[in-house]
Amino acid sequence: PVHVSTYPEQWAQRYIDQDYLSIDPVISAAATNLLPFDWSELSHRGIRVKQMFDEAQEFGIGRHGLGFPVRGPLGDHALFTVTSDASATEWHKLKSSYMRDMQLIAHFLHGKVLELKRGESVPLKPLSAREREVLGWAARGLNNDQIAFKLNISERVVRAYFEGARHKPNGVNR
């Protein structure tokens, strides 16, 4: 495993010493979610979980957070997190403005860590404009039928674009 963090070293050591990894709902959510999640959506129940979040704030970790799970083509997993001490209103604005960018950064950083770990760079084939368009509509929540209707193409062609978009970066799913 590779761990890269901007958290204070004292907090990282405290986290390890207290074995917070075993009870951290952020880690649990990252293991089961494919999509980004807000830490406020997670259960903060339990004395140790509450203690962990309280101590994190004492070490300067923001009270708000986002988790971005990443799944690589070879079964590798990563988690990119962003925290803030902004007000609830400001946090909502920040999330709305930067969620997509943070998700892209998570995947980019994961790729760079893998490159450094392997000592090589694997060039990715660029996606076509139509592949990007189909993925963009899917990211907005449209299913294959809806994408086909919107682009005036068949569902079979939509699936073909998804397959091309999946294979070019060696993805395991769309």
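The values are calculated or read from the model by the stated rules, or taken from the named source; none is laboratory data. Nothing here was measured: the structure is a model prediction, and the numbers come from that model. Cβ placement follows ideal geometry from the backbone for every residue including glycine, while neighbour counts extend to all protein chains displayed. Just so you know, the surface numbers come from the protein's heavy atoms only, side chains and all, with ligands and any DNA or RNA stripped out. Shrake-Rupley method; radii C 1.70, N 1.55, O 1.52, S 1.80 Å.
For (1) open to solvent by less than 90 Å² (accessible area, probe 1.4 Å); (2) part of a helix (DSSP H, G or I); (3) at negative phi; (4) touching a helix residue (DSSP H, G or I) at 6+ places or on another chain (Cβ under 7 Å), each residue gets a yes or a no:
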{"position": "ALA106", "(1), (2), (3), (4)": "yes, yes, yes, no"}
{"position": "LYS117", "(1), (2), (3), (4)": "no, yes, yes, no"}
{"position": "LYS150", "(1), (2), (3), (4)": "no, yes, yes, yes"}
{"position": "ARG156", "(1), (2), (3), (4)": "no, yes, yes, no"}
Q.
Cβ contacts < 7 Å: first residue of a type in the set (S, T, N, Q), restricted to region 143-166; second residue not in a loop (DSSP other than H, G, I, E, B), any location; separation 6+ or different chain. Result?
A. ASN144/GLU155; ASN144/VAL158; ASN144/ARG159; SER154/ALA148
Q.
Report every pair of residues separated by at least 6 positions or lying on different chains whose Cβ atoms are under 8 Å apart, first residue within region 1-13 and farther than 19 Å from ASP85 by Cα and in contact (Cβ under 8 Å) with a residue 60 or more places away in the chain, second open to solvent by less than 70 Å² (accessible area, probe 1.4 Å) and of a type outside the set (Lys, Arg).
A. VAL2/VAL113; VAL4/VAL113
Q.
Looking at the structure I just gave you, is SER97 within 17 Å of the chain's Cα centre (by Cα) and more than 24 Å from PRO1 (Cα to Cα)?
A. yes
(Q) Given the criterion modelled with pLDDT under 90, outside any helix (DSSP H, G or I) and either small (Gly, Ala, Ser) or within 21 Å of the chain's Cα centre (by Cα) (or both), identify the matching residue among GLY171, GLY164. (A) GLY171
